[in-house]
Each structure stands twice: as structure tokens, then as C-alpha cells.
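Participant: Dropping the structure in here first, questions after.
Taken together, the values in this text are just the output of simple stated rules run on the coordinates, not laboratory data. Treat the numbers as computed from the prediction; the structure is a model and nothing was measured. Counting neighbours? That spans all protein chains shown, and the Cβs are built from the backbone with ideal geometry, glycine included.
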């Protein structure tokens with residue numbers, strides 16, 4: 001999917017050091033994406049005080065709601081998109097020739113590299129949709145590399161009594177997803193049965209975060225409801241979770257990203273010049289040379305918004321904007 005904001009705020013994400021274990025709550029931002037799409041979106045990454053978790057640099061939760069999704073061709077650079085539907089189906093088409101439908105339990109992973117274009121639409125008109133859309137920042141080399149697409153329909157599941165964790169990306173408890181990523185990363189969809197508790201294994205070299213998708217979850221003794229992102233910091237070897245009612249959550253993690261990023265609209269680059277160049281090429285008559293063409297849409301596309309009247313410079317991760325608690 002795309003960032004459909006007509007006036008997207010620039011996001012400058014700088015590398016950061018170790019934090020140690022934390023329990024910081026970051027509230028979601030309601031992002032109005034109106035028009036024919038009319039999608040209800042809650043955005044928890046990036047935030048000023050938390051621009052990334054590992055290489056995860058963007059996280060939208062869409063719905064649950066009835067919607068007729070019609071996201072026309074649009075560009076990406078320097079990132080991977082991760083599409084994970086919880087309810088509903090989405091048709092994906094891109095400029096490397098992919099044309100697939102992704103369903104709950106299946107993962108779409110699109111690598112933009114130096115440039116790609118894609119579209120996403122509802123399959124049979126209006127229907128119920130609940131999904132998460134994430135971006136993964138690509139490191140040097142891959143960020144300027146070739147575009148690619150992978151759909152994974154058979155994902156490993158880590159289990160404990162009353163708990164099941166589908167490993168979407170990366171590794172959990174010795175189980176590894178076949179999704180191809182370029183930095184040490186974790187993305188898991190975890191369900192907790194009512195009255196259950198479990199201790200999940202974590203990599204202490206990774207930082208982690210939890211987004212509750214349904215129910216109420218107790219994480220390291222702290223109750224968390226759907227909506228905000230709970231940042232766990234790094235240095236944790238395990239994560240204790242429990243629920244009095246059925247709960248479902250997204251577990252994200254990864255090694256702190258080692259490179260500065262500038263994010264604007266659907267572009268990730270290393271500096272302002274890279275983002276401005278990508279926008280100019282998308283708006284040029286020769287856009288297909290960099291981004292390719294998405295078949296089935298003729299000349300339909302989403303135009304890029306105007307760039308902000310500032311020159312973006314990387315900044316360090318702020319220390320405000322969260323509700324901290326040692327954990």
C-alpha cells in the first residue's frame with residue numbers, strides 16, 4: 001500500500017544506540033485517508049521519539065471496517081513493503097509483473113530497491129478489511145538494488161500452551177520465515193488463548209515492540225489495549241505475555257538500524273536529494289525507466305504531493321513523546 005496523505009510530513013530517522021529493556025507506550029495517530037478508499041488507519045511508526053524498531057520504519061493498522069480499496073499505481077524506493085491481512089483479501093499488481101491475491105495467513109513482501117510501482121485493490125468490491133501494512137528500510141546496497149516480489153503462503157508457527165506465533169519475517173525460537181529480508185529482523189503474529197500465559201524467546205541484540213490487534217494483553221505485567229505501540233527496548237532474552245481474554249498481537253524486532261534515513265511520502269532515502277530525485281522521476285514522462293509500469297491500469301497513477309519547503313537533515317532519536325516505564 002501507499003501513504004495516501006496529500007500533505008505527508010517528512011520523517012527523518014537517525015541511527016541510535018542501545019536502550020536496555022523498557023516499557024514505553026507510543027499512542028497511535030489517526031491518519032485520515034478519505035475519498036473513494038475511505039480507510040481508517042492508525043499509524044504507530046514512525047514517531048518523533050521512535051522512528052524505527054530495527055529496520056521497521058512504518059506501521060499502519062487498517063480497519064477493521066468495510067471498505068472498497070482502490071490504491072492506484074504509486075512508487076516506492078529504498079524499502080520493502082510487508083502486507084499482512086487479518087480479515088479480507090487484497091489484489092496486488094506491480095511493475096515486476098506480479099498479479100496475486102493475498103489472503104489471511106499469507107504474506108506479501110515487495111522489495112522496492114532503486115524503484116518499483118504497484119497497486120492494491122479490493123478483490124470483489126466493498127468488503128470487510130483488517131490488515132497491517134509495514135515498511136522495512138533497506139540497508140546500503142539493497143536500497144539501490146533490483147526490485148522484487150515474494151508471496152509466502154507457508155509460514156512456520158512457534159507454539160506454547162495457549163499461544164501460537166506465526167513467524168512472518170525473520171526468526172523466533174529457532175523457526176525462520178522464508179521471507180527474504182536484508183537485515184536481522186523479526187515480525188510475528190501472536191495469538192493468546194483466554195487464561196493463557198507464555199514466555200516467548202527474544203534475541204537480546206534486537207530491540208522489540210508490541211502492537212495489540214485484538215483483546216487486552218498483559219505484557220511484562222503491564223496491560224495493553226489495541227491501538228498504541230509498546231516499545232520494549234533491547235537486551236531482553238524473553239517476553240512474558242498473558243491474557244484473561246483471547247488476544248492477538250504483532251511482535252516486531254530487529255537489530256537497531258545502522259544508517260540514517262529520510263522518509264517522505266512513499267520514498268525512503270539517505271538524504272533530501274535522494275527523495276527529491278525520486279519524486280521528480282515519478283512526475284516525469286520517463287517514470288517507467290526507473291519505476292516500471294503496472295499492467296492493467298493504463299495511465300492511471302497516484303501523483304506525488306509537493307515537497308515541503310525545507311531541506312531535510314537527519315536528527316537523533318528524541319527522548320520525549322512516549323509514556324516511559326522501566327521494565
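Participant: Only one residue in 291, 267 is touching a helix residue (DSSP H, G or I) at 6+ places or on another chain (Cβ under 6 Å), buried (at least 19 other Cβ atoms within 10 Å of the Cβ) and either within 16 Å of residue 143 (Cα to Cα) or touching a residue at least 12 places away in the same chain (Cβ under 8 Å) (or both). Which one?
Facilitator: 267
Participant: Just need a number here: residues in segment 81-103 that are within 15 Å of residue 62 (Cβ to Cβ), assigned to a loop (DSSP other than H, G, I, E, B) and in contact (Cβ under 8 Å) with a residue 40 or more places away in the chain.
Facilitator: The total comes to 1.
Participant: Can you tell me which residue among 200, 261, 213, 230 is touching a residue at least 12 places away in the same chain (Cβ under 8 Å) and over 17 Å from the mean Cα position of the chain (by Cα)?
Facilitator: Only one candidate passes the filter, namely 200.
Participant: A further question follows. Within segment 174-189, track down each residue that is surrounded by 16 or more Cβ atoms within 10 Å (Cβ to Cβ) and more than 16 Å from the chain's Cα centre (by Cα).
Facilitator: Those that are surrounded by 16 or more Cβ atoms within 10 Å (Cβ to Cβ) and more than 16 Å from the chain's Cα centre (by Cα): 175, 177.
Participant: Considering segment 202-217 alone, what residues qualify as being part of a strand (DSSP E or B) and within 24 Å of residue 85 (Cα to Cα)?
Facilitator: 208, 209, 210, 211, 212, 213, 214, 217, listed by residue number.
Participant: Do you know which residues across segment 204-219 are over 21 Å from residue 135 (Cβ atoms) and surrounded by 19 or more Cβ atoms within 10 Å (Cβ to Cβ)?
Facilitator: 217, 219
Participant: Another question, then. Out of (1) in a loop (DSSP other than H, G, I, E, B); (2) within 25 Å of residue 255 (Cα to Cα); (3) out of contact with any helix residue (DSSP H, G or I) (no Cβ under 9 Å at 6 or more places or on another chain), the odd one out for residue 186 is which?
Facilitator: Among (1) in a loop (DSSP other than H, G, I, E, B); (2) within 25 Å of residue 255 (Cα to Cα); (3) out of contact with any helix residue (DSSP H, G or I) (no Cβ under 9 Å at 6 or more places or on another chain), residue 186 violates only (1).
Participant: Return the residues of segment 135-164 that are assigned to a strand (DSSP E or B) and either over 18 Å from residue 206 (Cα atoms) or touching a helix residue (DSSP H, G or I) at 6+ places or on another chain (Cβ under 7 Å) (or both); say none if nothing qualifies.
Facilitator: 148, 149, 150, 151, 152, 157, 158, 159, 160, 163, 164
Participant: Is it fair to say residue 199 is more than 25 Å from residue 83 (Cα to Cα) and buried (at least 18 other Cβ atoms within 10 Å of the Cβ)?
Facilitator: no
Participant: A further question on this structure: Restricting segment 117-131 to residues that are surrounded by fewer than 23 Cβ atoms within 10 Å (Cβ to Cβ) and within 20 Å of the chain's Cα centre (by Cα), which is nearest to residue 52 (Cα to Cα)?
Facilitator: This residue is 130.
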